[in-house]
Every structure is written in C-alpha cells, then in structure tokens.
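The values are calculated or read from the model by the stated rules, or taken from the named source; none is laboratory data. Model, not experiment: these values are computed from the prediction. No Cβ is skipped: glycine too gets one built from the backbone with ideal geometry, and neighbour counts run over all protein chains shown.
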Amino acid sequence: MRIALDTSAVPIQPAGAGRYVVELARRLPGRGHDTTLVTRRGDDARWRAYSPNSHVAPLVPRARVARLIYEATRLGTSDVARASDVWHGPHYTMPHHGSTPCVVTIHDMTFFTNPEWHERAKVAFFRRAITYAATHAKAIISVSQYTARLIDELLEGHAPVIVAPLGVDLARFRFESDADQGVLEHHGLVSDKSYFLFVGTFEPRKGIDVLLDAFTEVANDDPDVELWLAGQHGWGVDEVEARLSTHPAASRIRRLGFVPDDALAPLLRQAKAAVYPSRGEGFGLPVLEALACGVPVVTSRDTVMEEVAGPAATLTTAGSAPDLARTLLELLAQSPEDRAQTARLGRERAETFTWARCVDQHLVAYHRARGE
C-alpha cells in the first residue's frame, strides 16, 4: 500500500499528538508499506532522520495559516496525493479536493465539549475541520474509546471509527537504568530532594493551577519535597505564571521547560510520583509513560486518563486541589512494599499498550478507507 502521511503540523519539539505522528512515521515503512511523509518546506531533514526508510515530500508552506489554506485547496491534488492509495491526516484536518481516500485522526472532542480550554480562533477552526473530516473522510481514527463515544454522540453521519490507542516504548520507558544518574547530570537535572513531576504543555486544561494549590498544602506538611514542572508553554499561561511567582513554596518549584527525549524516562523513574491533573485529554501519553517506568501516577477520574490507566493509577477529582493534596501526602507516606506493588501494576498495565498494536489498527483504517 502507498501511504501519504501529513506530518506538517508537528512542531520542532514534538510532544503528545506530535510524538504519535513521529512513531507512525518510524513504523509504517517497517510494515512493508511505501510511505511518503508530507512535510513543511525546509523541514525534510528532520523527517528523514526520524524515518530513513520513508520518502519525504517537503510541499507545505511553513506559516500556519498558509499551511492550512494549502492543505485545504491544493494538497489533495498534488502529485504525492494522486500517487497514494491512502492519505492520512493525523491531526483533525484533511484536503478538501482530490480523489485519494482519506483517513483522519480525531484525538479529542474538547473543541465541542469544553471550548473554554482552547484559544477562541482554534475552536472555530477545529470545529469546522472536525465536522468536515467526519463526513468526508473514508475512515476516522480515534485514539481512545472515550473519544470514539463522543464522536458518536456529537457528530451525525460520520465515517466508520477505528479505535487505535497510542503505545509506549517499553524498552525506553522501563523500571530502571544504570545510566539515569549520568543522563540527569548531563542535563543539570539532579537533586537530593524528593519531587513530584508534572509533564505536559502549559495550558488551562492541564490542571497546573490545581496542582500549584495542592502543593501549597503538601509543602506545608513536608519541608523538603519539591514540585518539578516539565513541558513547553502553550497558551493562557498568565494565571499560572502569576501563581508561580507568588507561590509560598516558590523556591521548591522547579520549571524544567521542554525535556529532551533521553532525559524523560530517567526523570520519571526518580520521581516520587507523576502527577497529571488534566481536566481532559485525547489520550494522556505521559500517564502511560510513567506507568511503564513503574512510577506511581496520580491523574483525574472520569477522563480518558482513567481509561488508559485502568486500576494502576490513583484517581482524584478533576479540579479539586484538596483531593489532590491528600493523595500526594498519602504517596509521600507510602511504604516500599506498597510502592513496589504499585510499580508492578503500572508496568503490567503499560504492557497492554504498544506502538505495534497502534499501527495494526491504523492499517485496519487504511484498508477500510480503500473499501477493503
């Protein structure tokens, strides 16, 4: 099968949905499929490094607005599209012209259910894009059952939905490694203090505000524990910035920024717990990566993260700082035996999610799009 994968929306420092696209690009050629990665102009070298066995077509303008216009009006009739059996838009959007069967990934439905979590301009755009893709694509990929249910509820007359849960690199995200100390020292990430770790983009839905409020109580109870925040700045961070600057335990909150790939697993393994108090996601990949490392995970109930973590994580009420604080204090008092049991449960849960299975489901969607 000849597959065209649109990678043009992936930022230079990929995380979350971007990491998903990178993993697909790496693995599809290994399944014996002729894969072309459609990139932004000037971004082809990066994708050749990610996926040496793929073809790379640097067709798309670099500027965001120009990229989206080009996708809608010209990309579907490009030579790459015409030569492909399937076109995959992995980030909600697809070309509006052309005859190549399209598959589109819808990560979450929060643009419909919780528009306040997003920039206003993005809400309007992605609502239109998702609605268009739902009825014009030949197949839709959802990364969770949670999102698949919402697609059924909110989008009438949509294309068939194939659920393809994301995976985790079980060799990279593992229980232990002798190299952790050296890697962390190399990146200046060493501490003799216990720390809770948050990994994610800084934006309103991630619950960083709740985490900071909860840490006020935790820091009052424990004079040494720290809070480490890893991730890139998204949007709407003014309130978080204000809370950080005035936090009573500000000296014990460490902002790491974007963490290089080789440092993420060591950071997780050394953490007291991974804390992901997001109000809503499409999948919540940091939860799965932490479970694979055997780290206690705290995340939000009644969200997709509960589906991903199953019984292996501790769940708190989204938006409740007191609930989160109580849970973190309980983890600080956890016995070594209980921590070991938590680690085993987490690893067992993570082992049910692999990138190989994720790719399997994508191939199902591609064949479905071709009418096979």
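So the values come out like this:
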item	result
Residue list for segment 171-186, restricted to those being part of a loop (DSSP other than H, G, I, E, B), surrounded by 15 or more Cβ atoms within 10 Å (Cβ to Cβ) and either touching a helix residue (DSSP H, G or I) at 6+ places or on another chain (Cβ under 6 Å) or modelled with pLDDT of 95 or more (or both)	Phe173
Hey, Leu150 modelled with pLDDT of 95 or more and within 21 Å of the chain's Cα centre (by Cα) or not	yes
Filtered residues of segment 81-91 (kept if crowded, with 20+ Cβ neighbours inside 10 Å and either in a helix (DSSP H, G or I) or of a type in the set (Lys, Arg) (or both))	Ala81
When residues of segment 332-356 are limited to those that are over 25 Å from the mean Cα position of the chain (by Cα) and aliphatic (A, V, I, L, M), the one surrounded by the fewest Cβ atoms within 10 Å (Cβ to Cβ)	Ala333
Residue check, Ala134 surrounded by fewer than 21 Cβ atoms within 10 Å (Cβ to Cβ), within 28 Å of Val308 (Cβ to Cβ), in contact (Cβ under 8 Å) with a residue 24 or more places away in the chain and not polar (S, T, N, Q)	yes
Qualifying positions in segment 298-331 - touching a Gly at 6+ places or on another chain (Cβ under 6 Å) and surrounded by fewer than 24 Cβ atoms within 10 Å (Cβ to Cβ)	Thr303, Ala312
Only listed residue being under 19 Å from the mean Cα position of the chain (by Cα), closer than 14 Å to Ala81 by Cβ and touching a residue at least 12 places away in the same chain (Cβ under 8 Å), chosen from Leu24, Leu5	Leu5
Residue within segment 290-297 that is crowded, with 24+ Cβ neighbours inside 10 Å and either in a strand (DSSP E or B) or among the hydroxyl-bearing types (Ser, Thr, Tyr) (or both) present	yes
Failed condition for Leu184, given (1) more than 29 Å from His107 (Cα to Cα); (2) among the aliphatic types (A, V, I, L, M); (3) free of Cβ contacts under 8 Å to residues at least 60 places away in the same chain	(3)
Selected residue (only one of Glu156, Glu116 is surrounded by fewer than 14 Cβ atoms within 10 Å (Cβ to Cβ), assigned by TED's automatic domain parsing to the domain that holds Gly18 and in contact (Cβ under 8 Å) with a residue 24 or more places away in the chain)	Glu116
Those residues of segment 123-142 which are within 19 Å of Glu372 (Cβ to Cβ) and within 21 Å of the chain's Cα centre (by Cα), in sequence order	Ile140, Ile141
Lone unmet requirement of (1) free of Cβ contacts under 8 Å to residues at least 60 places away in the same chain; (2) touching an Asp or Glu at 6+ places or on another chain (Cβ under 9 Å); (3) farther than 23 Å from Phe283 by Cα; (4) surrounded by 14 or more Cβ atoms within 10 Å (Cβ to Cβ) for Leu227	(2)
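Each row is one residue, and each column tells you yes or no for (1) crowded, with 16+ Cβ neighbours inside 10 Å; (2) more than 23 Å from the chain's Cα centre (by Cα); (3) acidic (Asp, Glu).
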position: Gly16; (1), (2), (3): yes, no, no
position: Asp34; (1), (2), (3): yes, yes, yes
position: Thr39; (1), (2), (3): yes, no, no
position: Asp43; (1), (2), (3): yes, no, yes
position: Ala57; (1), (2), (3): yes, yes, no
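Quick grid of which residues meet (1) out of contact with any strand residue (DSSP E or B) (no Cβ under 8 Å at 6 or more places or on another chain); (2) part of a loop (DSSP other than H, G, I, E, B); (3) in the same structural domain as Ala250 (by TED's automatic domain parsing):
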{"position": "Phe125", "(1), (2), (3)": "yes, no, no"}
{"position": "Ile130", "(1), (2), (3)": "no, no, no"}
{"position": "Ile141", "(1), (2), (3)": "no, no, no"}
{"position": "Ala148", "(1), (2), (3)": "no, no, no"}
{"position": "Asp192", "(1), (2), (3)": "yes, yes, yes"}
{"position": "Phe196", "(1), (2), (3)": "no, no, yes"}
{"position": "Trp228", "(1), (2), (3)": "no, no, yes"}
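Table: residues versus (1) in contact with a Pro (Cβ under 6 Å, 6 or more places away or on another chain); (2) outside any loop (DSSP other than H, G, I, E, B); (3) under 16 Å from Phe173 (Cβ atoms); (4) without any contact (Cβ under 8 Å) to a residue 60 or more places away in the chain.
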| site | (1), (2), (3), (4) |
| --- | --- |
| Asp213 | no, yes, no, no |
| Ala219 | no, yes, no, yes |
| Val240 | no, yes, no, yes |
| Arg255 | no, yes, no, yes |
| Val259 | no, no, yes, no |
| Leu264 | no, yes, yes, no |
| Met305 | no, yes, no, yes |
